[in-house]
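The values are calculated or read from the model by the stated rules, or taken from the named source; none is laboratory data. These numbers were taken from a predicted model, which means no experiment stands behind them. Because the Cβ atoms are built from the backbone with ideal geometry, glycine has one as well, and the counts that use them run over all protein chains shown. For the accessible areas, the whole protein counts, side chains as well, though only heavy atoms, and no ligand, DNA or RNA atoms are used. Shrake-Rupley method; radii C 1.70, N 1.55, O 1.52, S 1.80 Å.
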Amino acid sequence: MEPQHEERPHLPAPTLYPVGFAAGIAVALVGLIVSPKLISPIGGAIAVLFAFLWIRDATTEYRGVPEEVEPERREVRPTETAAARPADEGDAAMAAPEPGERFARSRFLEGATLGLGGVIGGLVSIPALGFAVIPAFTKQGEKEVDLGPLGNFPEGEWKLATFFLDPDAGEVSRRTAYVRNNGVVDGGPNFTLISNRCAHLGCPVQPNGPVFDESKKEIEVRGNQRITLIKMLPAGGFGCPCHGGQYDPQGNRTAGPPVRALDRYEYSIKNGNLYLGRTYSVSHVDLKNPDDPKTALIHKYRLAGPGQHVKGVEGWLYPLQPPH
């Protein structure tokens with residue numbers, strides 16, 4: 001009769017490690033949208049930690065010392081015939097069996113099934129996740145826009161400049177910037193480059209002054225880019241025709257519902273041409289000399305959406321923004 005052993009479960013005991021692993025994956029995926037540089041790595045770290053603990057818990061029995069099984073012992077009854085020759089003696093001897101069984105077949109099959117399922121799941125899910133996630137991190141940067149030679153921007157004059165943010169996309173990517181050449185600062189030209197996107201709900205703001213359409217000038221530059229320059233005089237600043245937001249010539253909010261100043265463009269000078277760079281948000285602009293735009297002190301922040309505060313307690317109430 002076979003020896004009876006205590007009942008042992010064939011499945012691992014319930015554990016919360018899979019729940020923690022799933023939570024880490026969820027945080028990592030949400031972080032890819034909310035904050036890839038902060039939230040997503042935290043979620044990945046949580047997933048890796050709980051995956052390690054889960055694997056460690058599931059393989060505890062395999063890593064332990066094998067249990068010794070006491071062999072069955074029976075009393076040998078005397079017989080009149082000669083005892084049978086042991087199987088491990090003679091020419092056709094068999095190897096002596098090892099005491100006990102190190103791995104039960106059910107355990108082996110269970111581990112092999114889980115391992116094979118994990119490999120198949122990885123082969124199926126990793127490429128799909130790669131195609132879904134990688135495009136969000138590629139080709140996301142804004143291209144520089146060539147506005148043409150510096151001679152198109154006389155010192156002290158305002159220009160209304162329209163351009164294509166992506167010439168291949170056509171009219172849907174057309175943008176407007178208000179450009180002023182402030183003169184030379186620290187040996188190089190200084191420009192004011194203000195976006196026409198209202199800081200309230202994103203409507204296009206307009207100059208509160210004359211726009212001289214007869215001075216309209218179109219410039220063809222490489223890459224199917226077409227630049228239009230029109231002289232203007234925003235003596236009263238800028239205004240939003242949608243909800244009455246008002247801004248001074250430096251883009252500071254002076255009245256209406258906007259929550260901050262107008263956004264601005266970074267710029268650079270290359271080979272005598274003016275290039276627009278990335279857009280950034282501004283809380284406000286201070287002028288050391290009210291009559292000299294060259295003395296502007298710009299309080300710069302990462303680009304935020306219309307209606308969003310960028311500083312103070314109000315700024316803390318907004319969630320982290322996705323990459324722009």
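The table for this structure:
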read-out	value
Test: F212 is surrounded by 18 or more Cβ atoms within 10 Å (Cβ to Cβ), among the aromatic types (F, W, Y) and within 24 Å of P249 (Cβ to Cβ)	no
The stretch 148-176 - residue that is closer than 14 Å to I227 by Cβ and in contact with a Phe, Trp or Tyr (Cβ under 7 Å, 6 or more places away or on another chain) and, of those, least open to solvent (accessible area, probe 1.4 Å)	S173
Residue under evaluation Q250, criteria (1) open to solvent by less than 40 Å² (accessible area, probe 1.4 Å); (2) touching a Gly at 6+ places or on another chain (Cβ under 7 Å), criterion not met	(2)
Residue identified as within 29 Å of the chain's Cα centre (by Cα), part of a loop (DSSP other than H, G, I, E, B) and not aromatic (F, W, Y) among G202, G209	G202
Top-ranked residue in the stretch 51-66 [being at pLDDT 80 or above and open to solvent by 60 Å² or more (accessible area, probe 1.4 Å); ranked as nearest to L114 (Cα to Cα)]	I55
Residue match in the stretch 272-290 (condition: surrounded by 15 or more Cβ atoms within 10 Å (Cβ to Cβ), within 16 Å of I194 (Cα to Cα) and over 31 Å from the mean Cα position of the chain (by Cα))	yes
Condition broken by P293, with the remaining ones in (1) touching a strand residue (DSSP E or B) at 6+ places or on another chain (Cβ under 8 Å); (2) at pLDDT below 90; (3) surrounded by fewer than 17 Cβ atoms within 10 Å (Cβ to Cβ); (4) closer than 28 Å to V221 by Cβ satisfied	(3)
Residue within the stretch 231-253 that is under 18 Å from L165 (Cα atoms) and in contact with a Ser or Thr (Cβ under 8 Å, 6 or more places away or on another chain) present	no
Extreme residue, modelled with the lowest pLDDT, among residues of the stretch 138-165 that are over 28 Å from L233 (Cα atoms) and either touching a helix residue (DSSP H, G or I) at 6+ places or on another chain (Cβ under 7 Å) or polar (S, T, N, Q) (or both)	Q140
Residue match in the stretch 117-137 (condition: at pLDDT 85 or above and small (G, A, S))	no
Test set (1) farther than 23 Å from N190 by Cβ; (2) assigned to a strand (DSSP E or B) - I230 fails condition number	(1)
Residues that are in a strand (DSSP E or B) and among the small types (G, A, S), drawn from the stretch 160-194	A161, A177, G183, G188
Output for the stretch 177-199, where each listed residue is over 18 Å from S283 (Cα atoms) and open to solvent by 30 Å² or more (accessible area, probe 1.4 Å)	R180, V184, V185, D186, G187, P189, N190
Verdict on R260 being basic (K, R), surrounded by 15 or more Cβ atoms within 10 Å (Cβ to Cβ), touching a Ser or Thr at 6+ places or on another chain (Cβ under 6 Å) and over 28 Å from P154 (Cβ atoms)	yes
